[in-house]
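Some notes on the structure that comes next.
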Amino acid sequence: MSASYPDLNVKLGPLEFKNPVIMASGTFGYGQEFDALMDLNLLGGIIVKGLSLRPKQGNPPPRIVETPCGMLNAIGLANVGLEVFMKDKIPWLQTLDTRVIVNIYGHSIDEYGELANALKGVEGVSALEVNISCPNVACGGMAFGTDPSVSARVTEEVLKNTDKPVIVKLTPNVTDIGLIARAVEEAGAHALSLINTLTGMAIDIESRRPRLANTFGGLSGPAIRPVALRMVYQVVQSVDIPVIGIGGIMDHQDALEFLIAGAKAIQVGTANFVNPCVGPNIVEGIRDFCRERGIAHIDDLIGSFEPA
């Protein structure tokens, strides 16, 4: 039996990944922060911190709160900005033998287009992940991703300005996520990733004040996994493009649930704060699971869910 058995290669649109385990944006820095802890080339891919045109300090602290089975964060999409990213981060990322995906966000449709255009032709960047959970300043702060037509317009603007595959990251804070997914698919997206965090809050009962300076934050971790799994399954049934599952994946067993539900790949987020080496562990766990059951290719497992 060869060392490559089973075959964990997956295809997301026009891209092939050596395995379906990708590190989620906002939880893995720019990759270099984890370089001393693991062989990053064992991962299927890395998605860097959300990138904006200009540097952003984010929200004031406290901006992370631990919750039962998860955490709330209100980091505020802090990042180094496009200029520093291109100068200081890209050269190192280009040395990796794994897929590097750049997560982008803007507060206007034009900003998304500008970012996509700036990354056009940049070697070492395999794809763009478009965060549409951001507030749209032109619409009173409503998130782009809560409106199907606006979500589609953002997708079209990015596609018009890039030469790279486009993955759109969906917010769960909507009534019908399938409606948003179909709108983005029709606009031309190559793949979808979901879910982003659920909106939540926590209160300090002694001071009677919010535990986050921003009051509200994004809930992630195992607490949201059943919701994320349900949404991923529903979206897989609604679209023909690949879906990447995100939400509370802590080990290979969690990852397998999403793959069996139909996700072509998964992203690991909050688990990186618990175990910085969790990514390679999940890859090996999936490999062992398939090997022990005689599953020759991961595609034979993906989407194998049998409804009751």
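Looking at the calculated P(r) for the stretch 213-303, what percent of the C-alpha pair distances fall above 17 Å? Value for the stretch 213-303: 50 percent of Cα pairs lie more than 17 Å apart.
Footprinting exposure proxy ranking of H252, H107, fewest other C-beta atoms within 10 angstrom first, gives H107, H252. For the stretch 10-300, the dipole from Cβ point charges (+1 on Lys and Arg, -1 on Asp and Glu) about the Cα centre works out to 440 debye, to the nearest 20.
In the chain, helices alone account for a calculated mean residue ellipticity at 222 nm of -7500 deg cm²/dmol, with every DSSP H run of four or more residues adding -39,500 (n - 2.57). With a ≥ b ≥ c the root eigenvalues of the C-alpha gyration tensor of the stretch 1-45, is it rounded (a/c under 1.5), prolate (a/b larger than b/c) or oblate? Oblate, since a/c reaches 1.5 and b/c is not below a/b. Contact order for the stretch 10-300, expressed relative to its length and based on alpha carbon pairs under 8 Å spaced 6+ residues apart, stands at 20 percent. Summarised as an ellipsoid, the chain has semi-axes of 27, 23, 21 Å, derived from the eigenvalues of the Cα gyration tensor scaled by 5 and square-rooted, with the largest first. Across the stretch 161-170, coupling constants 3J(HN,Hα) worked out from phi with the 6.51/-1.76/1.60 Karplus curve, θ = phi - 60°, read 10, 10, 10, 10, x, 10, 10, 9, 9, 9 Hz, and Gly and Pro carry x. Exposure proxy for E185, E129, E33: other Cβ atoms within 10 Å of each Cβ, ordered fewest to most, give E33, E185, E129.
For K169, the lysines whose Cα comes closer than 22 Å to its Cα, not counting residues fewer than 8 places off in the same chain, are K11, K18, K49, K56, K120, K160, K264.
Each residue of the stretch 13-20 was assigned a 3J(HN,Hα) from its phi angle through the Karplus curve 6.51 cos²θ - 1.76 cosθ + 1.60 (θ = phi - 60°); the sequence is x, x, 9, 9, 10, 5, 7, x Hz, with glycine and proline shown as x. The fewest-to-most ranking of S238, S220 by surrounding Cβ atoms within 10 Å reads S238, S220.
A Förster distance of 22 Å, applied to the separation of the beta-carbon atoms of F305 and T67, puts the FRET efficiency at 0.15.
Put simply, the amide H of G106, placed in the peptide plane, has no neighbours under 5 Å, leaving out anything fewer than 5 places away on its chain.
Legend: calculated FRET efficiency, N9 to D204, from the Cβ-Cβ distance at R0 = 41 Å, rounded to 0.05, equals 0.30. Go through P61, G262, G294 and say which Cα lies farthest out towards the positive end of the charge dipole of the chain; charges sit on Cβ, +1 for Lys and Arg, -1 for Asp and Glu. Toward the positive end, the furthest listed residue is P61. When the charge dipole of the chain is built from unit charges on Cβ atoms (+1 for Lys and Arg, -1 for Asp and Glu) and taken about the Cα centre, the candidate among N173, L37, I282 whose Cα reaches farthest toward its positive end is N173.
Spacing of the modelled spin labels on H107 and R291, each 7 Å from Cα toward Cβ, amounts to 5.1 nm. When only the Cβ of Lys, Arg, Asp and Glu is charged (+1, +1, -1, -1), the dipole of the stretch 150-204 relative to its Cα centre reaches about 100 debye. The orientation-averaged projection of the convex hull spanning the C-alpha atoms of the stretch 67-117 amounts to 5.6 square nanometres. Overall, the stretch 222-293 carries a charge dipole of about 100 debye about its Cα centre when +1 sits on the Cβ of Lys and Arg and -1 on the Cβ of Asp and Glu, all other atoms neutral.
A short reminder: the numbers here are calculations on the coordinates, not readings from a lab. These figures come from a predicted structure and were not determined experimentally. Every residue, glycine as well, gets a Cβ built from its backbone with ideal geometry; the counts of neighbours run over all protein chains shown.
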